[in-house]
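Q: So that we are looking at the same thing, I have put the structure below in structure tokens.
The values are calculated or read from the model by the stated rules, or taken from the named source; none is laboratory data. Worth saying up front: this structure is predicted, and the values here are computed from it rather than measured. A quick note on method: Cβ atoms are made from the backbone with ideal geometry, for glycine too, and the neighbour counts reach across all protein chains shown. The area values use the complete protein model at the heavy-atom level, side chains included, leaving out ligands, DNA and RNA. Shrake-Rupley method; radii C 1.70, N 1.55, O 1.52, S 1.80 Å.
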Amino acid sequence: MDIEKSCTATSANGREEQQLAQLGYKQELPRKLSMMSILGLSFAIMAAPFGLSTTMVTGLTDGQCVTIIWGWVLVSLISLCIAASLAEICSVYPTSGGVYYWSAMLSSKKWAPINSWTTGWLTLVGNWTVTTSINFSGGQLILSAITLWKPDFVPTAWQTVLMFWAVMLCCTLVNLFGSKFLNLINTVCVWWTGASVLIILIVLSVMTPTRHSAGYVLGHYDASASGWPSGWAFFVGLLQAAYTLTGYGMVAAMCEEVQNPEREVPKGMVLSVAAAGVTGVVFLLPVLFVLPNIPELLELPSGMPIGAIFMHATGTPGGGFGLLFLLLGILGFAGTGALTAASRCTYAFARDGAIPGSKIWSHVDQKLELPVNALLLCTAVCSLLGLIFFGSTAAFNAFTGVATICLSASYALPIFISLINNRRHVQNAPYSLGKYFGYFANIVTSIWICFAVVLFCMPVAIPVSPETMNYASVVFMGFFAIAAIWYLVHGYKNFTGPTSLSVIPGIEGDSQVVEEQQFTTEGKK
């Protein structure tokens, strides 16, 4: 039986290597991950309880209960449309290049290089900043635990940055030396998160002396703290949900480490969003039922009210920390998973010569079976981004804003290109949305992301000061300048898009469609 399984796995790996070669690449990373692992990785990156907790100030400022719970439901439904649209394209082109590869393959030959370059840099910056934001907020959450015993404690900028660096270091070490256990880690993440949400639900339901009514939880709306017009504040507050639900597209970078990626990665991508949506509702409802005085929460120097909410509900600092510890466990999975996906994204983009020093960053260490240099580059970039905190205490808002803007825009480009080409490239996709739902999901995605890119440059509240300004647009333009300069210096003459553009004949016309049909047919067998 073991021999039969081994032969089957060898045969599958051979087929996948051949499929990857058709897409223009050599198999360099081992295929050890399952659909459950991809679901767990995507679920870990989104980390609904952790993400919703670290950004709760946004929701409490911009509408409170209505924005938090109904904003989450709204964005979850939209995210399902986005994830399904990406999953359909991913099933046709399952490579680590992800969205930048898809943008090239869906474009005409003339526009493929610039579309690929733009999408690639958007997803690269999005991967780096979402990893930064997860680990930076994790460092802040760890320090906020001290305030459970010492309410007047305010961490200095150095303490915050050093804690952030410590979290980054831990995530890097796990990626370097625990990669062989990645399947197990991602699976445990699902169980840890589910158990944590259940424990929090039970403890808050049993121990809280007083609770709000269901009418308050589902219908209370107060945006007076934001300074924005009442209706507009609701949309600004959607950053809490939109930031949390951004990581599902990042797992496309793991396609070359999964068996049957044309089926398993799309399923994991969509199921993780559905699971995160349900998990978020189950987590948010008991938290909103036990909310203490909201103005006091907004005045906390840590900017992280979740610990205070837990302490209020349990009545003791120890009880509050016990529940907070569950969220810190989710942080470990989220930070590690985000760095994993970011390193693979960096490796894939470098492999096509789009990053300065590409040969260095695309190297795969044969002993560790990892793109170690790409991993270390991600760690260095994220760590350097943390220095922004010395100039502005609103650095976290900049990280979350840039991550949401870049990842959303990178998702939109291949979907929009497919849409304007009448979705002809995904007609025979192994993971098909069908004609009518496919158009619906693609249109909803395009409209929402165009709106969101503008929306999430807005500050959480007005009027603003240099300390509270949302610097997302500044950080975004900084990276845009780097990408533009490098394109003029190097990309314009040397970057022709993914390697496959020189392998698959004719980006335009029937030759590409035939090639796609051959690939998708093989994927269905």
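Q: Just a yes or no: is a residue in region 471-490 open to solvent by 20 Å² or more (accessible area, probe 1.4 Å) and farther than 24 Å from PRO356 by Cα?
A: There is at least one residue in region 471-490 that is open to solvent by 20 Å² or more (accessible area, probe 1.4 Å) and farther than 24 Å from PRO356 by Cα.
Q: Let me ask another. From the list GLY332, GLY303, pick out the single residue that is assigned to a loop (DSSP other than H, G, I, E, B), open to solvent by 10 Å² or more (accessible area, probe 1.4 Å) and within 17 Å of ILE134 (Cβ to Cβ).
A: GLY303
Q: Restricting the search to region 24-43, which residues are open to solvent by less than 10 Å² (accessible area, probe 1.4 Å) and more than 16 Å from ARG344 (Cα to Cα)?
A: GLY40
Q: Follow-up. Kindly evaluate GLY320 against the criterion of being touching a residue at least 40 places away in the same chain (Cβ under 8 Å), in contact with a helix residue (DSSP H, G or I) (Cβ under 6 Å, 6 or more places away or on another chain) and not acidic (Asp, Glu).
A: Numbers: touching a residue at least 40 places away in the same chain (Cβ under 8 Å): yes; in contact with a helix residue (DSSP H, G or I) (Cβ under 6 Å, 6 or more places away or on another chain): yes; not acidic (Asp, Glu): yes.
Judged against the criteria, GLY320 is a match.
Q: Could you figure out which of (1) among the small types (Gly, Ala, Ser); (2) over 30 Å from ARG31 (Cβ atoms); (3) touching a Lys or Arg at 6+ places or on another chain (Cβ under 7 Å) isn't true of SER205?
A: (3)
Q: For region 146-176, which positions are farther than 25 Å from MET35 by Cβ, part of a helix (DSSP H, G or I) and open to solvent by 40 Å² or more (accessible area, probe 1.4 Å)?
A: Passing the criteria: ILE146, TRP158, GLN159, LEU162, MET163, TRP165, ALA166, LEU169, CYS170, LEU173.
Q: How many residues does region 452-468 hold that are surrounded by fewer than 17 Cβ atoms within 10 Å (Cβ to Cβ) and touching a residue at least 60 places away in the same chain (Cβ under 8 Å)?
A: 5
Q: Considering GLU296, GLU264, which residue is in a helix (DSSP H, G or I) and under 20 Å from LEU29 (Cα atoms)? Show your work before the answer.
A: Details: GLU296 fails: under 20 Å from LEU29 (Cα atoms).
After applying the criteria, what remains is GLU264.
Q: If you don't mind, there's one more thing I want to ask. Return the pair list, or none, for Cβ contacts closer than 7 Å from residues in region 22-44 that are closer than 10 Å to THR187 by Cα to residues that are at pLDDT below 70 and surrounded by fewer than 19 Cβ atoms within 10 Å (Cβ to Cβ), at least 6 apart or on different chains.
A: none
Q: Answer yes or no as to whether ALA412 is outside any helix (DSSP H, G or I) and over 27 Å from GLY357 (Cα atoms). Give the steps one after another, and end with the answer.
A: Numbers: outside any helix (DSSP H, G or I): no; over 27 Å from GLY357 (Cα atoms): yes.
No.
Q: In region 175-190, how many are within 12 Å of ALA44 (Cβ to Cβ) and hydrophobic (A, V, I, L, M, F, W, C)?
A: Kept after step one, since they are within 12 Å of ALA44 (Cβ to Cβ), are these residues of region 175-190: 182, 185-190.
In the following step, the residues that additionally are hydrophobic (A, V, I, L, M, F, W, C) were identified as 182, 185, 188-190.
So the count comes out to 5.
Q: Looking at the structure I just gave you, is SER446 part of a helix (DSSP H, G or I), open to solvent by less than 70 Å² (accessible area, probe 1.4 Å), modelled with pLDDT of 85 or more and under 26 Å from GLY231 (Cβ atoms)? Talk me through it step by step, then tell me what you get.
A: Numbers: part of a helix (DSSP H, G or I): yes; open to solvent by less than 70 Å² (accessible area, probe 1.4 Å): yes; modelled with pLDDT of 85 or more: yes; under 26 Å from GLY231 (Cβ atoms): yes.
Taking the combined requirement at face value, the residue satisfies it.
Q: Further question: In region 350-390, how many are outside any loop (DSSP other than H, G, I, E, B) and small (Gly, Ala, Ser)?
A: 6
Q: If a residue has to be part of a helix (DSSP H, G or I) and buried (at least 24 other Cβ atoms within 10 Å of the Cβ) to count, how many in region 224-256 make the cut? Spell out the reasoning first.
A: Taking region 224-256 and keeping what is part of a helix (DSSP H, G or I), we get 230-236, 239-244, 247-256.
With the extra rule that they be buried (at least 24 other Cβ atoms within 10 Å of the Cβ), the set shrinks to 233, 236, 239-244, 247-256.
Summing the residues that are part of a helix (DSSP H, G or I) and buried (at least 24 other Cβ atoms within 10 Å of the Cβ) in region 224-256 gives 18.
Q: Something else: Test LEU184 against the criterion of being under 29 Å from THR393 (Cβ atoms) and exposed (fewer than 14 other Cβ atoms within 10 Å of the Cβ), and give yes or no.
A: Working: under 29 Å from THR393 (Cβ atoms): no; exposed (fewer than 14 other Cβ atoms within 10 Å of the Cβ): yes.
No.
Q: Quick one: how many residues across region 369-407 are at pLDDT 90 or above, under 16 Å from the mean Cα position of the chain (by Cα) and open to solvent by 20 Å² or more (accessible area, probe 1.4 Å)?
A: 0
Q: If you check PHE283, PHE289, which single one turns out to be open to solvent by 40 Å² or more (accessible area, probe 1.4 Å) and touching a helix residue (DSSP H, G or I) at 6+ places or on another chain (Cβ under 7 Å)?
A: Values: PHE283 fails: open to solvent by 40 Å² or more (accessible area, probe 1.4 Å).
Exactly one residue qualifies, and that residue is PHE289.
Q: Identify, by number, the condition in (1) part of a helix (DSSP H, G or I); (2) of a type outside the set (Gly, Ala, Ser); (3) in contact (Cβ under 8 Å) with a residue 12 or more places away in the chain; (4) touching a helix residue (DSSP H, G or I) at 6+ places or on another chain (Cβ under 9 Å) that VAL278 doesn't meet.
A: All conditions pass for VAL278, except number (3).
Q: A further question on this structure: Hey, VAL278 hits all of (1) open to solvent by less than 10 Å² (accessible area, probe 1.4 Å); (2) within 24 Å of LEU60 (Cα to Cα) but one; which does it fall short on?
A: (1)
Q: Only one of ILE142, ILE134 is open to solvent by 10 Å² or more (accessible area, probe 1.4 Å), in a helix (DSSP H, G or I) and among the aliphatic types (A, V, I, L, M). Can you tell me which?
A: Among ILE142, ILE134, only ILE142 is open to solvent by 10 Å² or more (accessible area, probe 1.4 Å), in a helix (DSSP H, G or I) and among the aliphatic types (A, V, I, L, M).
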